[in-house]
1. When the range A:87-122 is examined, which residues are found to be in contact (Cβ under 8 Å) with a residue 60 or more places away in the chain, assigned to a helix (DSSP H, G or I) and of a type in the set (A, V, I, L, M)?
2. Please determine, by comparing only the residues of the range A:32-63 that are hydroxyl-bearing (Ser, Thr, Tyr) and surrounded by 15 or more Cβ atoms within 10 Å (Cβ to Cβ), which one is nearest to DNA strand D (Cβ to nearest atom).
3. Got a number for residues in the range A:25-52 being aliphatic (A, V, I, L, M) and more than 24 Å from B:ARG93 (Cα to Cα)?
4. Tell me which of these B:SER104 doesn't satisfy, since it passes every other one: (1) at pLDDT 95 or above; (2) within 25 Å of A:HIS162 (Cα to Cα); (3) buried (at least 21 other Cβ atoms within 10 Å of the Cβ).
5. Residues in the range B:23-35: is at least one modelled with pLDDT under 95, on the phi < 0 side of the Ramachandran plot and within 9 Å of DNA strand C (Cβ to nearest atom)?
6. Of all residues being within 7 Å of chain A (Cβ to nearest Cβ) and over 28 Å from B:MET156 (Cβ atoms) in the range B:77-99, which is surrounded by the most Cβ atoms within 10 Å (Cβ to Cβ)? Just the residue, please.
7. Output the residue which, of all residues in the range A:172-185 that are at the interface with chain B (Cβ under 8 Å from one of its Cβ atoms) and part of a helix (DSSP H, G or I), is surrounded by the most Cβ atoms within 10 Å (Cβ to Cβ).
8. Residues that are among the aromatic types (Phe, Trp, Tyr) and within 7 Å of chain A (Cβ to nearest Cβ): does the range B:21-33 have at least one?
There are 2 protein chains.
Amino acid sequence: MSLKHALLGFLNYGLHTGYELKKVFDISVAHFWNAELSQIYPSLKALESEGLVDMNVEVQADRPNRKVYSITDDGRRELLEWLGTPAESDQVREPLLVKLFFGSSLPKRDLLAVLHKRADDLRGTVAKGQHGREAVRGVARVIGLEREGLFWELTMDAELKHSESALEWTEQAIRQIEAADDEAFNSHPADFATMDTKARVEILDKLKGAVAPAIHTPDQFE
Amino acid sequence: MSLKHALLGFLNYGLHTGYELKKVFDISVAHFWNAELSQIYPSLKALESEGLVDMNVEVQADRPNRKVYSITDDGRRELLEWLGTPAESDQVREPLLVKLFFGSSLPKRDLLAVLHKRADDLRGTVAKGQHGREAVRGVARVIGLEREGLFWELTMDAELKHSESALEWTEQAIRQIEAADDEAFNSHPADFATMDTKARVEILDKLKGAVAPAIHTPDQFE
DNA sequence: TCCAACATGTAACCGGTTACATGATTCA
DNA sequence: TGAATCATGTAACCGGTTACATGTTGGA
């Protein structure tokens with residue numbers, strides 16, 4: 001889990017309440033690590049009981065009391081260790097690719113509609129991303145964390161680049177599908193289905209041997 | 001959830017047992033939708049109780065009995081409807097970007113090590129992806145589902161393209177970080193931390209207004 | 001002899017989301 | 001008047017992973 005570590009990261013910048021941290025998440029890391037208040041509060045409590053953060057109640061007259069958290073030395077140590085450990089990628093879960101994978105079961109125009117919707121979404125993300133990227137360094141300057149600007153920009157770049165390449169792929173997929181033979185759609189694949197069980201199993205095993213080295217086995221991740 | 005729909009998708013190709021489906025997942029969609037047996041079995045049971053699949057027990061003398069599943073008309077209808085519905089992207093959760101975001105808290109060489117590790121992993125994925133892509137159409141032909149080859153290839157392309165662009169980004173990030181001023185690292189940001197609470201909150205709100213339109217709000221997903 | 005493959009499952013756990021609860025203040 | 005902001009949380013649920021359980025057969 002890196003929510004706890006992300007919280008430590010922000011607390012390393014200074015004191016914060018849970019409510020404030022939610023705001024900070026939303027304007028900075030939400031595109032690659034979202035967090036809900038209902039998860040932040042218990043996580044802070046857990047961090048406290050682990051001795052990685054301290055908490056002070058700040059009594060307020062007109063508003064609800066605030067619980068102000070700060071990072072401890074142990075917390076800082078834990079953060080640095082985590083930051084310096086290589087990160088495994090999370091399991092990819094991409095429903096769109098599942099849909100595309102079974103594209104032959106679907107009328108051509110339905111599949112194309114699904115892909116066009118994705119392309120539109122991505123165009124929106126790309127446009128926003130370009131705007132955001134320009135805003136970031138200024139933001140860092142305003143906030144008094146100028147040196148951090150580089151890193152924040154790089155995370156924006158990551159999203160932008162990803163969106164751009166995803167868009168390129170989508171557009172190319174659309175072109176290839178448009179060009180594809182109509183017979184490829186709405187098909188009811190017969191050969192494999194009517195094979196007897198043993199034959200199918202044999203084929204699967206043969207395939208497994210052939211494809212195995214090409215499969216990107218998604219190993220453990222934190 | 002699309003595990004159920006992925007199962008329906010494969011059952012639409014023909015009869016399968018849970019055990020077989022696991023194999024099929026591993027050699028085809030595992031890179032974008034992994035599934036464990038412990039999840040497949042209950043899902044099939046659920047699909048059955050929803051009337052989307054039928055089950056027949058095949059008694060075997062020398063081996064454990066097999067439960068052979070087949071898709072029903074209702075199941076086929078459900079599958080087609082799901083396939084034709086635009087897919088929202090899953091929430092992105094990228095620990096590496098979290099680490100990079102807090103890169104200024106870390107010694108330069110530690111951060112670079114983390115990124116080099118990622119770059120190496122990606123180079124491996126790209127190499128495998130290229131091999132795999134070439135194997136796919138052949139696989140489709142062997143299995144008797146030649147028309148499906150196009151779609152399978154496109155899903156391989158997606159992974160390959162994504163890996164390639166992620167690698168490009170990583171390499172560029174490494175270069176920028178190598179070129180960065182040493183003062184940007186191991187820093188203990190003081191200004192923001194020593195501000196009083198009210199001032200910080202004000203800044204956060206200002207930022208929210210400025211950055212909001214650039215933030216890609218990750219909405220609901222299925 | 002020991003491990004892999006075949007074949008099915010259950011149970012505990014885990015991180016995360018959604019919904020619900022409370023209650024004051026401020027602004028449109 | 002009614003919504004948004006401040007500020008904290010709990011509880012139910014959900015999809016997925018890990019670990020555990022069982023028992024046979026065939027090959028290294």
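1. Looking only at the range A:87-122, we keep the residues that are in contact (Cβ under 8 Å) with a residue 60 or more places away in the chain, and these are A:87-92, A:100, A:103-108, A:111-112, A:115.
Narrowing further to those that are assigned to a helix (DSSP H, G or I): A:100, A:103-105, A:108, A:111-112, A:115.
Within the range A:87-122, A:LEU100, A:LEU111, A:LEU112, A:LEU115 qualify.
2. Result: A:TYR41.
3. First, the residues of the range A:25-52 that are aliphatic (A, V, I, L, M): A:27, A:29-30, A:35, A:37, A:40, A:44, A:46-47, A:52.
Then keep just the ones that are more than 24 Å from B:ARG93 (Cα to Cα); that gives none.
Number of matching residues: 0.
4. (1)
5. yes
6. The selected residue is B:LYS99.
7. Among them, the one singled out is A:ALA173.
8. yes
The values are calculated or read from the model by the stated rules, or taken from the named source; none is laboratory data. Keep in mind the model is a prediction, meaning the values are calculated, not measured. Ideal geometry is used to build each Cβ from the backbone, glycine not excepted, and the neighbour counts take in all protein chains shown.
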